[in-house]
Amino acid sequence: MSCNACLWHSLLVVLTLLSRTMSQEPTPSPFQAEVSLTRGEVRLFSGEGDVELTCSVPGDASPLWKFQWFKGDQMLAEGATYVIDKAHVRDGGLYTCQGSRYTETRQLPLEARPSHPFHLHVDGGWAILRAPTEYRLLGESMILTCRVRGNPFLVEVIFYKDGVEFWKQSNSELLLTNVTLDDRGSYWCRATWESRLMYHSAISQPVPVDVKEILEDPQLESEFSVVFHGDNVVLHCNTQLNTREDGLKIMYYYYKDGERLGPATSSSSYVIQHVVVQDSGLYQCQATTRKLNLEKWSNTVKLDVIPPLK
């Protein structure tokens, strides 16, 4: 091997080792806390009613979990539930919970990762749009309700999506059927009512609505794009099956340069052991759900194997 080739090989080795060192991260906790609404509404008028939030750790139903509640960075209380009586506008915001418990095999407590923020909206105005708090799937229905404080008799209700009026009627509830990805967006309403021979009007705050595909486009990932001869390589085919139906599963196919690598597997990871130069190439994965007759292709990942130094 020439001096230039040796120098280039050494440079590749140094850069690869450096990228590995920089990419190392601590192992996250296997559990994550979750906030759920067990009484009240996500969006409500100030002074309207009580709200109860409950913290749990999905995947571990142990009664030994101890929970803490936070609003932003401020710790609020301890316990599995957090109750807000007659909510005020100041009670609106982002709530999270944290769980920890002791085990027989650990001296330090086992901690769950903090929950995703739960957004409670307490409105001091006159109109609120009630919309689905969870995503809708393609083809499902959803109901939008324009609520007015005190429930007066409504004369007109106008619904907007992304700043454009799309529906007008005289009652507060609107049913949208067979939703598509185009129905994702920001919704609000404008309500008009009569009181004491005078007309009043109010506009709600925008509410995001999400619509998802049943099988999302997979993303193929590899920790390193350049590896050494003899290394083990793991390819991850990341996707999501969004469904209300039980018993469905994803099957995966893996490809190199357009050629299938073995039969279908239920694993979202593909391991190439002791790679050689011939393993260099372009890789893809295919995610399928046979019962629903769905299949999606991933992006392409390039893998380069550094040959052994002779």
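Here is how the numbers come out for the structure above:
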| item | result |
| --- | --- |
| Tally of residues being out of contact with any Lys or Arg (no Cβ under 6 Å at 6 or more places or on another chain), of a type in the set (A, V, I, L, M, F, W, C), under 28 Å from K249 (Cβ atoms) and surrounded by fewer than 17 Cβ atoms within 10 Å (Cβ to Cβ) across segment 263-289 | 2 |
| Identity of the residue in segment 43-65, in a loop (DSSP other than H, G, I, E, B), more than 27 Å from S100 (Cβ to Cβ) and of a type outside the set (D, E, K, R), that ends up farthest from the chain's Cα centre (by Cα) | G47 |
| Qualifying residue in segment 270-284 (condition: under 19 Å from E216 (Cβ atoms), in the same structural domain as E223 (by TED's automatic domain parsing) and either under 22 Å from the mean Cα position of the chain (by Cα) or among the acidic types (D, E) (or both)) | no |
| Hits in segment 181-222 (condition: over 20 Å from L129 (Cα atoms) and touching a Leu at 6+ places or on another chain (Cβ under 9 Å)) | L181, K212, E213, I214, L215, E216, L220, E221, S222 |
| Looking only at segment 205-256, and only at residues there that are in a loop (DSSP other than H, G, I, E, B) and of a type in the set (A, V, I, L, M), the one that is nearest to Y187 (Cα to Cα) | I214 |
| Residue list for segment 66-88, filter: surrounded by 11 or more Cβ atoms within 10 Å (Cβ to Cβ), more than 24 Å from the chain's Cα centre (by Cα), assigned to a loop (DSSP other than H, G, I, E, B) and not basic (K, R) | G79, A87, H88 |
| Strands (runs of 3 or more DSSP E) completely within segment 150-200 that count 1 or more residues being assigned by TED's automatic domain parsing to the domain that holds L138, over 27 Å from S46 (Cβ atoms) and among the charged types (D, E, K, R) | 164-169 |
| Number of the exception - E245 against (1) under 30 Å from V211 (Cβ atoms); (2) touching a residue at least 24 places away in the same chain (Cβ under 8 Å); (3) not small (G, A, S) | (2) |
| Subset tally (residues that are among the hydrophobic types (A, V, I, L, M, F, W, C), more than 27 Å from G47 (Cβ to Cβ) and either free of Cβ contacts under 8 Å to residues at least 60 places away in the same chain or out of contact with any Leu (no Cβ under 6 Å at 6 or more places or on another chain) (or both)) for segment 132-149 | 2 |
| Tally of residues being farther than 29 Å from L137 by Cβ, touching a residue at least 24 places away in the same chain (Cβ under 8 Å) and part of a strand (DSSP E or B) across segment 257-283 | 5 |
| Answer residue from segment 146-198, given it is surrounded by 10 or more Cβ atoms within 10 Å (Cβ to Cβ) and polar (S, T, N, Q) and is modelled with the lowest pLDDT among those | S195 |
| Residue check for T96: of a type in the set (S, T, Y), more than 28 Å from R149 (Cβ to Cβ) and in contact with a Ser or Thr (Cβ under 6 Å, 6 or more places away or on another chain) | yes |
| Verdict on R39 being basic (K, R), modelled with pLDDT of 90 or more and either surrounded by 13 or more Cβ atoms within 10 Å (Cβ to Cβ) or not assigned by TED's automatic domain parsing to the domain that holds D85 (or both) | yes |
| Residue match in segment 226-242 (condition: touching a residue at least 60 places away in the same chain (Cβ under 8 Å) and within 19 Å of R136 (Cβ to Cβ)) | yes |
| Hey, S29 modelled with pLDDT under 80 and either of a type in the set (S, T, N, Q) or not assigned by TED's automatic domain parsing to the domain that holds G92 (or both) or not | yes |
| Hey, L137 within 31 Å of the chain's Cα centre (by Cα) and not charged (D, E, K, R) or not | yes |
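The values are calculated or read from the model by the stated rules, or taken from the named source; none is laboratory data. What you are looking at is a predicted structure, and each value in this text was computed from that prediction instead of being measured. Ideal geometry is used to build each Cβ from the backbone, glycine not excepted, and the neighbour counts take in all protein chains shown.
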